[in-house]
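Please read the structure below before turning to the comments.
The values are calculated or read from the model by the stated rules, or taken from the named source; none is laboratory data. Just so we're clear, the structure is a prediction, and the values are computed from it rather than from any experiment. As a convention, Cβ positions derive from the backbone with ideal geometry for all residues, glycine included, and neighbour counts pool all protein chains shown. Heavy atoms of the whole protein, side chains included, go into the accessibility calculation; ligands, DNA and RNA do not. Shrake-Rupley method; radii C 1.70, N 1.55, O 1.52, S 1.80 Å.
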Amino acid sequence: MQEQPPESGTVSTAQYQRFGPPEVMLIQEVAVPVAGPSDVVVRVAALSVNRIDTAARSGRQTFLTGRRFPQRTGLDFSGTVIAVGSQVEGIEPGQRVWGFLGTDRLGRRGTAATRIVVAADLLSLAPAAAELADAAALPLVGLTAWQAMEELKVEAGSRLLIVGGAGGVGSVAVQVARSRGAVVDTVSSARHEELLRRLGAASRFEPGAVPWQTLRGRYQAVLDTTGAHLWRLRRTVAPGGRLVTISPAGLPISMVSKALPGAHVSFLSVRPSRTGLSALADLVDGGQVTPIIRARFALADIARAHALVETGHGQGKVVVDVE
Ligand SMILES: NC(=O)c1ccc[n+]([C@@H]2O[C@H](COP(=O)([O-])OP(=O)(O)OC[C@H]3O[C@@H](n4cnc5c(N)ncnc54)[C@H](OP(=O)(O)O)[C@@H]3O)[C@@H](O)[C@H]2O)c1
């Protein structure tokens, strides 16, 4: 392993000994993680808090987390490479990186720590145009938005409707879609109007007053991030168009809709992707995607960050600064 001297014998990490409210998370010192030949050791600058993190902490993802404690939190990160395994190519100590761990070992590993060990294929170089601590707002939601745009085949001239356009995923999806030349409408509350305009959205519909009749068959692509209007959203899809939901609340409809005439609702689950991270970094460096950050907290205050995310309201991301 090509390595710089470790800064200390332990790592500060956020973890919990039982499921429960945000306060169950404690910052504790644990042994320095052991790295394998395909791994990269990263000094974490920041991470974002995602709804899956708060669901895991409260015990609503036990099919992924299991019930063994302690459990850790955090799935994405930005940081600086400290060391690389002997089989890792293209990554060197000192480089700025970002990444997304994937959800398969949710709870059993976490990025809310001063130092983490990550498989090299789960990270890429971070965008040069963003502060490292700001870039942490993007990996999980950015990959979700990017993969949704791929699945929806959004391209120049596509007319796209995004439900929840100002949220963590929605605010990146608007930007990725605009970078492809799509015309983007959103269903989002009035308090997000200014942000959505700045991101390039064309029209905004108030969630309780969407003119569903006039939107019939209007969109080649629809991205739902809320699960709220899915039956009616199906009718807004143009012939041959696509509808993707990322909301767990949309899962039952996605299964039922397969057997029905009309647009299918497909559920997308974000996957780790080095290619996707690199594409996202290029968009940030090209000025087409900017991290939207609603609030930031120190690692010691991660419970407050979780509490804010749990409200399910707001614009962009909540970031936790580690360095
Ligand atoms: N499947 C996957 O791979 C994947 C990946 C990432 C996230 N997710 C899930 O996707 C969902 C959204 O994630 P997120 O990170 O974007 O959440 P978020 O940051 O909490 O944003 C949610 C947004 O939805 C808006 N909203 C809520 N109800 C609405 C409605 N009825 N109509 C229009 N807008 C509404 C909220 O607006 P207000 O502020 O006005 O309330 C808020 O801006 C969560 O359930 C999350 O778990 C899934």
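Within the stretch 150-174, being surrounded by fewer than 23 Cβ atoms within 10 Å (Cβ to Cβ) and within 16 Å of the ligand (Cβ to nearest atom) holds for Glu150, Glu151.
Of the residues making up the stretch 276-300, those that are in contact with a strand residue (DSSP E or B) (Cβ under 8 Å, 6 or more places away or on another chain), more than 16 Å from the ligand (Cβ to nearest atom) and open to solvent by 60 Å² or more (accessible area, probe 1.4 Å) number 1.
Criterion first (away from the ligand (no atom under 13 Å from the Cβ), buried (at least 22 other Cβ atoms within 10 Å of the Cβ) and not assigned by TED's automatic domain parsing to the domain that holds Ile52) does Ala177 satisfy it? Please lay out each step first, then the result.
Working: away from the ligand (no atom under 13 Å from the Cβ): yes; buried (at least 22 other Cβ atoms within 10 Å of the Cβ): yes; not assigned by TED's automatic domain parsing to the domain that holds Ile52: yes.
So Ala177 passes the test.
Quick one: which residue in Trp212, Trp146 is out of contact with any strand residue (DSSP E or B) (no Cβ under 8 Å at 6 or more places or on another chain) and more than 12 Å from the ligand (Cβ to nearest atom)?
Details: Trp146 fails: more than 12 Å from the ligand (Cβ to nearest atom).
Of Trp212, Trp146, the one residue that is out of contact with any strand residue (DSSP E or B) (no Cβ under 8 Å at 6 or more places or on another chain) and more than 12 Å from the ligand (Cβ to nearest atom) is Trp212.
Just to be sure I understand, how many residues within the stretch 301-323 are more than 16 Å from the ligand (Cβ to nearest atom) and touching a residue at least 40 places away in the same chain (Cβ under 8 Å)?
5
Only residues that are open to solvent by less than 20 Å² (accessible area, probe 1.4 Å) and out of contact with any strand residue (DSSP E or B) (no Cβ under 9 Å at 6 or more places or on another chain) were counted across the stretch 78-96, and they come to 0.
The residues in the stretch 28-60 that are within 22 Å of Pro139 (Cβ to Cβ), open to solvent by 20 Å² or more (accessible area, probe 1.4 Å) and part of a strand (DSSP E or B) can be counted, and the count is 2.
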